[in-house]
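Enquirer: One structure coming up, written as structure tokens, with questions to follow.
No lab work stands behind these numbers, since they all come straight from the coordinates. No experiment lies behind these values; they were computed from the predicted model shown. Glycine gets a Cβ as well: all are built from the backbone with ideal geometry, and neighbour counts include every protein chain shown.
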Amino acid sequence: MSDRGLRVVDLEHVDIAKDFMSAPAAALNMCCYGAAVYDGERCTCWESVVEPEPTQDVQEGPMPVNAQRCGDCAYRRDSPERQLRDGDGMPYVPGGVFLCHVGMPKVVRIEHPCGETRDVPPGVENDDYRPVERGYRAWQADGRPAVVCAGWAADHRAYLERGNA
Ligand SMILES: [Zn+2]
């Protein structure tokens with residue numbers, strides 16, 4: 001399957017609203033304008049820490065389709081994503097492609113320049129993937145092309161077979 005023309009839709013960068021986090025006590029509300037003006041409540045100094053560190057030396061070649069759905073594939077019947085949808089299937093968006101999260105770099109914590117770290121907030125901790133992206137393509141942390149989700153690929157084949165090629 002060619003990945004040309006498909007837009008990556010799965011890579012939502014979940015904004016954890018770092019701009020509205022409180023400043024560390026050690027910063028004495030003097031680390032930035034937001035902390036100073038809003039009594040420490042709107043510190044803008046926090047940075048996302050992404051692991052594994054994605055290499056920029058990415059490999060050529062198409063994004064392969066996964067042979068099988070991964071262990072915690074969103075397309076599995078009992079996935080948290082489908083539970084949120086009352087068990088309904090994942091939405092199929094023509095022109096989009098859903099990528100497997102396995103091997104993708106993601107935000108694992110947030111760090112303040114003063115040295116304090118905080119956990120990614122619950123509900124976001126497994127969602128904020130930050131792969132290298134260029135155009136319509138994305139890569140795993142080790143530089144291999146991202147892998148197209150097998151569940152999405154099945155929906156895509158069904159869509160094409162319905163005469164929507
Ligand atoms: Zn600050």
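Enquirer: Select from region 60-114 the residues that are in contact with a Phe, Trp or Tyr (Cβ under 6 Å, 6 or more places away or on another chain) and under 30 Å from PRO24 (Cβ atoms) and list them in ascending order.
Expert: MET104, LYS106, ILE110, HIS112
Enquirer: Another question, if that's okay. Quick check on this structure: which one of GLY103, GLY95, GLY115 is within 16 Å of the ligand (Cβ to nearest atom) and either loosely packed, with under 13 Cβ neighbours inside 10 Å or within 13 Å of the chain's Cα centre (by Cα) (or both)?
Expert: Going through GLY103, GLY95, GLY115 in turn, just one is within 16 Å of the ligand (Cβ to nearest atom) and either loosely packed, with under 13 Cβ neighbours inside 10 Å or within 13 Å of the chain's Cα centre (by Cα) (or both): GLY115.
Enquirer: Within region 35-57, track down each residue that is in contact (Cβ under 8 Å) with a residue 24 or more places away in the chain, part of a loop (DSSP other than H, G, I, E, B) and more than 18 Å from the chain's Cα centre (by Cα).
Expert: THR44, CYS45, TRP46, ASP57, listed by residue number.
Enquirer: All but one of (1) within 27 Å of VAL49 (Cβ to Cβ); (2) out of contact with any strand residue (DSSP E or B) (no Cβ under 9 Å at 6 or more places or on another chain); (3) surrounded by fewer than 17 Cβ atoms within 10 Å (Cβ to Cβ) hold for ALA67; state the number of the condition that does not hold.
Expert: So ALA67 meets the others, but not (1).
Enquirer: Does GLU133 satisfy being within 16 Å of the ligand (Cβ to nearest atom) and either in contact with a helix residue (DSSP H, G or I) (Cβ under 6 Å, 6 or more places away or on another chain) or within 30 Å of CYS32 (Cβ to Cβ) (or both)?
Expert: no
Enquirer: Within the bounds of region 67-88, is there any residue that is away from the ligand (no atom under 16 Å from the Cβ), under 18 Å from TRP152 (Cα atoms) and in a strand (DSSP E or B)?
Expert: Scanning region 67-88 turns up no residue that is away from the ligand (no atom under 16 Å from the Cβ), under 18 Å from TRP152 (Cα atoms) and in a strand (DSSP E or B).
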